[in-house]
């Protein structure tokens, strides 16, 4: 991105989980949001493969999981606000992370830049091999992949 395009960034979307790469992406996104006086939108996708079949079928489990996730995400919001980000929004979703971000979250949020980590919290390289690569390939906006 050239410096003129960077100045036009008013909304940054960052995908988080508890992986080291996602934590680094979150820190990079906070710095960019502060530097550019941009809104920071933090998203977390609860992936179906994180649950076993009985958990996925239980409304109580999913409701409890979502409530726990919302509480966890409020922690990210607090950190960003305390770091100096002026406007922070949270977006939650369920499904395949790459597809959810590209097909649903980006169109709904309309960010100017997406920042994601290269690896997921699973510790295997599936995120860059599939999720991050999918996002980079199909995203209608610029994507910064943090390693």
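Since every read-out is calculated from the coordinates, none of them should be taken as a lab result. Since this is a predicted model, take the numbers as computed values, not measurements. Positions of Cβ are backbone-derived with ideal geometry, glycine not excepted, and every protein chain shown enters the neighbour counts.
Structure values in brief
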{"item": "Extension gain (nm, one decimal) between residue 86 and residue 37, 0.36 nm per residue minus Cα-Cα", "result": "16.9 nm"}
{"item": "Cβ-based exposure ranking for 34, 105, in which fewest neighbours within 10 Å come first", "result": "34, 105"}
{"item": "Linear extension gain, residue 20 paired with residue 108, 0.36 nm per residue minus alpha-carbon span", "result": "29.0 nm"}
{"item": "Extension reserve of the residue 67-residue 10 stretch, reckoned as 0.36 nm per residue once the Cα distance is removed", "result": "17.6 nm"}
